[in-house]
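A quick write-up on the structure given underneath.
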């Protein structure tokens, strides 16, 4: 019985790519993703190789043999593609030299050099189509661009329809083309050829790991990840799921479903989605445990597709929780508004709870749950400024009970959340001293807070989310010396961004330069405002530390009735 599942050896890039070998990137591998930082790091390493006779190790490349000198790249595709792009950029420079003086003897020699280099490192020209058949085949998102643009040196620009990954390959080519063009020692076809063959071909080394099958490949993948290499939990999960299915039909279906999930939630958000997905159903899992948890649960092919189908369903919901305009909410204006408000709080941890609730509660109970979440997050995170990560354990326990249908009413869910609900006394205390500096990120939040209080306090119904009314500093941001009579100069910076020092003011009044006048003059503008919380300021004799604190205390009491768990 054969027990040696893999073999390792150190090889140069020339040895990997030579002797008629061909390589393919499997469907389930991620798209090309290297960016400027990685391009620059690699180029600096290559520059150092040009200056000495040392070698540069590029780490491991994991290959699965497919027979007849064909291999699947399990790990290492980003480096493999990038080196190929560097070679293409250098060959483009040789092509430039040929075009500069096409009738010269040197142009003829450079034409021969170009053919030899293409045949050795990239592929062979087909006698019928006169296009290059590549030694490297990429995944379905990248291969057409690589074959028809990069390999044919047909890369002047990219279309607006070009996907992001292909744009990165195009940018990588441009980066290396400009770097080579600026290198004074790469100014001739001879030097460029030596650079490709010697520097890139012979002195860039890999640890080649050859495996026999998908299971061995997956094991190596997991081991590399444990040693701190670049694989993510989602990379591991995808490769593991593919290792459980065998037929081409299964692989195509799995790839379709996986791509559907990725396209819905976004590749950057995929780990977060997986985490909230699992945490909506079972005991709390940290990001670093995601892969192992699913691996322990999914051990047979028959379990793969039910998992993916369920993930597809939850992926739509995960995205909708952050998107008030999602089709999921178009028939329920109350839910749409609540989603929009909670999004304003820049919160994440509630998603596992909401994901569990959407599929297990009646619509009216789900709406009540969102009202509870709105009040809880606003109190706990926005005003009290407590660590939102501490919410997760409580959310998770409630989500599990909801998923098991042990609780189906918003009122019962609130009992589970009670430990992290800031009571009125503490909320009013925290609100009374709250400082929020106005910037591009917080402006909409501050306007929302003031407008919501205006609605509650004066029984009006302005939209707290869609208004673009001005936020007015009562004590100005750049107070004149006369303000020191009412605010100690050492305290002014602290008081300027207190919520009690902020109010709403129409653009037409603000345009009259109310902001820079003394309070006695500002009151004249405030008296003309349509907003009650601003008009009330005109009744105050002086604006000082005491009146500011008093106003903020009053706003805090109203806020407690606005952001209250309502079920």
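Each residue in region 13-28 was checked for being closer than 30 Å to residue 263 by Cα and either without any contact (Cβ under 8 Å) to a residue 12 or more places away in the chain or crowded, with 22+ Cβ neighbours inside 10 Å (or both), and 2 pass. Scanning for something under 19 Å from residue 357 (Cβ atoms), buried (at least 18 other Cβ atoms within 10 Å of the Cβ) and not assigned by TED's automatic domain parsing to the domain that holds residue 367, does region 259-271 turn up at least one residue? Yes, some residue in region 259-271 is under 19 Å from residue 357 (Cβ atoms), buried (at least 18 other Cβ atoms within 10 Å of the Cβ) and not assigned by TED's automatic domain parsing to the domain that holds residue 367.
One residue stands out among those in region 146-165 that are over 17 Å from residue 86 (Cα atoms) and part of a loop (DSSP other than H, G, I, E, B): the one that is modelled with the highest pLDDT, which is 163. Would you confirm, using the coordinates I've provided, whether residue 307 is closer than 22 Å to residue 247 by Cβ and in the same structural domain as residue 275 (by TED's automatic domain parsing)? Yes; evaluated as a whole, the condition is true for this residue. Can we say residue 114 is surrounded by 15 or more Cβ atoms within 10 Å (Cβ to Cβ), modelled with pLDDT under 95, touching a helix residue (DSSP H, G or I) at 6+ places or on another chain (Cβ under 6 Å) and not in a strand (DSSP E or B)? Against the criterion (surrounded by 15 or more Cβ atoms within 10 Å (Cβ to Cβ), modelled with pLDDT under 95, touching a helix residue (DSSP H, G or I) at 6+ places or on another chain (Cβ under 6 Å) and not in a strand (DSSP E or B)), residue 114 qualifies.
The set of residues in region 56-104 that are in contact with a strand residue (DSSP E or B) (Cβ under 8 Å, 6 or more places away or on another chain), in a loop (DSSP other than H, G, I, E, B) and surrounded by fewer than 14 Cβ atoms within 10 Å (Cβ to Cβ) contains only 69. Residues in region 537-557 that are in a loop (DSSP other than H, G, I, E, B) and within 24 Å of residue 456 (Cβ to Cβ): 540, 543.
Of all the listed residues (241, 205), the sole one being in a helix (DSSP H, G or I) and either within 15 Å of residue 291 (Cβ to Cβ) or at pLDDT 85 or above (or both) is 241. The number of residues in region 510-536 being modelled with pLDDT under 95 and not in a loop (DSSP other than H, G, I, E, B) comes to 13. When 482, 494 are checked against the criterion of being part of a helix (DSSP H, G or I), out of contact with any helix residue (DSSP H, G or I) (no Cβ under 8 Å at 6 or more places or on another chain), closer than 22 Å to residue 384 by Cβ and not assigned by TED's automatic domain parsing to the domain that holds residue 339, 494 stands alone in meeting it. Taken over region 387-401, the residue count meeting the criterion of being over 24 Å from the mean Cα position of the chain (by Cα) and free of Cβ contacts under 8 Å to residues at least 60 places away in the same chain is 4. The set of residues in region 423-440 that are out of contact with any strand residue (DSSP E or B) (no Cβ under 7 Å at 6 or more places or on another chain) and more than 17 Å from residue 562 (Cα to Cα) comprises 433, 436, 437, 439, 440. Looking across 443, 490, 415, one residue alone is touching a strand residue (DSSP E or B) at 6+ places or on another chain (Cβ under 8 Å) and free of Cβ contacts under 8 Å to residues at least 40 places away in the same chain. It is 443.
If you check 289, 301 for being within 20 Å of the chain's Cα centre (by Cα), more than 18 Å from residue 395 (Cα to Cα), surrounded by 14 or more Cβ atoms within 10 Å (Cβ to Cβ) and not assigned by TED's automatic domain parsing to the domain that holds residue 418, only one passes: 289. For region 285-302, the tally of residues that are part of a helix (DSSP H, G or I) and farther than 22 Å from residue 351 by Cβ stands at 4. Here residue 185 meets the list (1) surrounded by 18 or more Cβ atoms within 10 Å (Cβ to Cβ); (2) part of a loop (DSSP other than H, G, I, E, B) almost entirely, failing just condition (1). Can you list residue pairs whose Cβ atoms sit under 9 Å apart, with the first residue in region 280-300 being modelled with pLDDT under 90 and the second being assigned to a loop (DSSP other than H, G, I, E, B)? Count only pairs 6 or more apart in sequence or on different chains. Listed pairs, sorted by first residue: 291/232; 293/282; 293/285.
As a summary of the residue check, residue 460 satisfies the conditions (1) under 16 Å from residue 558 (Cβ atoms); (2) without any contact (Cβ under 8 Å) to a residue 24 or more places away in the chain; (3) part of a loop (DSSP other than H, G, I, E, B) except for the one numbered (2). Residues that are more than 20 Å from residue 465 (Cβ to Cβ), assigned to a loop (DSSP other than H, G, I, E, B) and out of contact with any helix residue (DSSP H, G or I) (no Cβ under 8 Å at 6 or more places or on another chain) within region 330-369 comprise just one, 362.
Residue 32 passes every criterion in (1) exposed (fewer than 13 other Cβ atoms within 10 Å of the Cβ); (2) at pLDDT 90 or above apart from (1). In this structure, residue 352 does not qualify as closer than 22 Å to residue 432 by Cα, modelled with pLDDT of 95 or more and not assigned by TED's automatic domain parsing to the domain that holds residue 281.
The values are calculated or read from the model by the stated rules, or taken from the named source; none is laboratory data. The structure presented is a predicted model; accordingly, all values stated were derived computationally and were not measured. Here the Cβ is made from the backbone with ideal geometry for all residues, glycine too, and neighbour counts use every protein chain on show.
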